[in-house]
1. Can you give me the convex hull volume of the Cα atoms of the chain, divided per residue and expressed in Å³?
2. In the range 27-55, whose amide N lies under 17 Å from the spot 7 Å out along Cα-to-Cβ of Arg428? List them in ranges.
3. Show me the ranking of peptides 104-117, 161-174, 128-141, 22-35 by mean Cβ neighbours inside 10 Å, starting with the highest.
4. Between Tyr198, Tyr125, Tyr278, where does the largest GNM mean-square fluctuation fall for the chain, given springs only between Cα atoms within less than 10 Å?
5. What are the ³J(HN,Hα) couplings of the range 325-336, residue after residue, when phi is run through the Karplus curve with 6.51, -1.76, 1.60 and θ = phi - 60°? Round to Hz, x for glycine and proline.
6. How much FRET efficiency would the formula 1/(1 + (r/R0)^6) give for Tyr135 and Phe299, where r is the Cβ-Cβ distance and R0 is 25 Å, rounded to 0.05?
7. Can you figure out the FRET efficiency of Lys227 with Lys11, using R₀ = 60 Å and their beta-carbon distance, to the nearest 0.05?
8. State whether the range 148-274 is rounded, prolate or oblate according to the following rule on the C-alpha gyration tensor (a ≥ b ≥ c being the square roots of its eigenvalues): a/c under 1.5 gives rounded; otherwise a/b larger than b/c gives prolate, and the remaining case gives oblate.
Amino acid sequence: MNSEEMIDLCKRHTMYTWSKGEAVNPLPVERAEGVYFYTPDGKQFLDFNSQLMCVNIGHGHPKVIKAIQDQVAQLAYVFPASATAVRARMGQLLAKITPPEMNRFFFTLGGAEANENAIKIVRQYTGRQKILSRYRSYHGATNACMQLTGDPRRIPNEPGTPGFVKVMDPRPYHYSFGATEEEQTAENLKYLEEVIMYEGPDSIAAMFVETVIGTNGVLPPPKGYLKGLKALLEKYGILLVCDEVMAGFGRTGKMFAFEHFGIVPDIVTMAKGLTSAYAPLGAVAMRDEIAQHFDENVFWGGLTYNSHCVGLAAAEAAINVLIEEELVENAAKMQHVMREEMDRLQERHVSVKEGRALGLFGMMDIQKNADGEPMAPYNGSHPAMTKLGKFFRDNGLFTFVRWGSFMCNPPLCITEEQLREGFAIIDRGLEITDAAFE
């Protein structure tokens with residue numbers, strides 16, 4: 001099937017996410033290997049976003065492919081109340097790579113399902129109903145997760161499930177909030193405690209946070225924030241859930257992003273890099289005291305594909321590749337290259353406001369004037385950003401341009417040469433936004 005046939009049939013018979021059908025312009029993809037993928041016509045793209053920040057080990061790894069093939073040949077699916085060898089091994093493997101306080105996992109098919117079930121777990125465990133989350137967050141597109149999410153995609157899905165309370169991030173979108181990171185932390189936690197008081201501490205089950213904010217900025221927390229947040233929540237008996245769907249499995253240069261900040265959450269949700277997206281799988285990790293509660297009490301939740309054999313086999317192989325090929329370490333090592341390239345582009349281009357990177361989790365912000373006003377407004381667009389996105393695609397660079405920013409999240413197997421190859425394309429493209437600088 002050539003590119004034109006592929007696009008035509010996909011648009012005619014299938015729906016695309018977050019798009020109206022007449023406007024969608026899908027990219028035809030035939031095969032992928034390492035950090036590159038290819039159209040049916042042979043055009044090569046450097047995958048600078050690991051697709052949806054999920055193909056952490058790179059495309060087409062033979063060990064993961066073989067593990068999936070072997071599992072399908074032996075046992076593709078059994079009902080969730082079964083015990084299987086791959087389920088036993090994967091539970092044991094996750095217990096080895098998560099903190100010692102976590103030894104029980106609930107398997108789902110993706111990150112949204114993981115968060116949906118984490119909501120059920122915290123409510124059933126605490127007997128409380130309200131959930132705190134932040135405006136600058138994304139937690140999934142299912143019903144409850146859309147209300148957990150703070151970003152504008154929740155708005156067309158409102159009103160939704162009750163009981164969700166949004167709070168500001170320590171780093172607001174539009175203005176400064178404390179001159180230093182420590183001041184940002186102190187002021188935000190003071191404000192958060194006031195919200196907790198207004199909402200009634202005894203009614204709040206948990207607070208969900210992306211350990212490092214993903215789609216809405218790739219923003220690591222300011223200094224002391226997560227430690228202070230954990231202490232504040234513990235004061236009121238509120239659980240901390242860290243959403244590591246995007247930040248986990250080596251993306252930040254640690255196996256899990258919370259390891260950078262000296263805390264152990266009560267619950268961790270994960271997906272994406274769990275299998276490097278070779279098969280669908282998500283998971284909820286919980287502290288032992290929460291798991292013990294469900295030894296004595298029914299967990300009122302269930303999924304047809306809970307602990308699906310094929311997803312578990314893909315995850316086991318993908319995690320072993322991460323460890324054996326030292327890809328987490330490579331992400332940490334490549335951070336300085338990404339940081340160097342971002343700093344170079346900021347010096348060269350007036351339209352570059354800022355670049356951020358933790359491991360290989362990166363984003364660059366584009367400004368339209370010397371006051372630092374974003375090139376595109378919150379939840380808006382700008383012709384220069386549209387042109388920049390087209391330039392990237394025309395020149396074989398795959399990443400996401402969102403509002404006034406673009407993402408830099410390549411597979412963790414990327415080399416320094418390949419990373420600089422991507423930034424060389426970005427360098428040329430930024431002439432477009434420089435021309436729009438006022």
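Read-outs throughout are calculated quantities, based only on the coordinates presented, and are distinct from any laboratory measurement. Keep in mind the model is a prediction, meaning the values are calculated, not measured. As a convention, Cβ positions derive from the backbone with ideal geometry for all residues, glycine included, and neighbour counts pool all protein chains shown.
1. Per-residue hull volume (Cα only) is 148 Å³.
2. The answer is 43-48.
3. On the way: 104-117: 24.6, 161-174: 16.9, 128-141: 21.6, 22-35: 13.7.
Per-residue Cβ counts within 10 Å, averaged per peptide and sorted highest first, yield 104-117, 128-141, 161-174, 22-35.
4. Tyr198
5. Ordered by residue, 3J(HN,Hα) equals 8, 6, 6, 5, 5, 5, 4, 5, 5, 6, 4, 5 Hz.
6. 0.25
7. It comes to 0.80.
8. rounded
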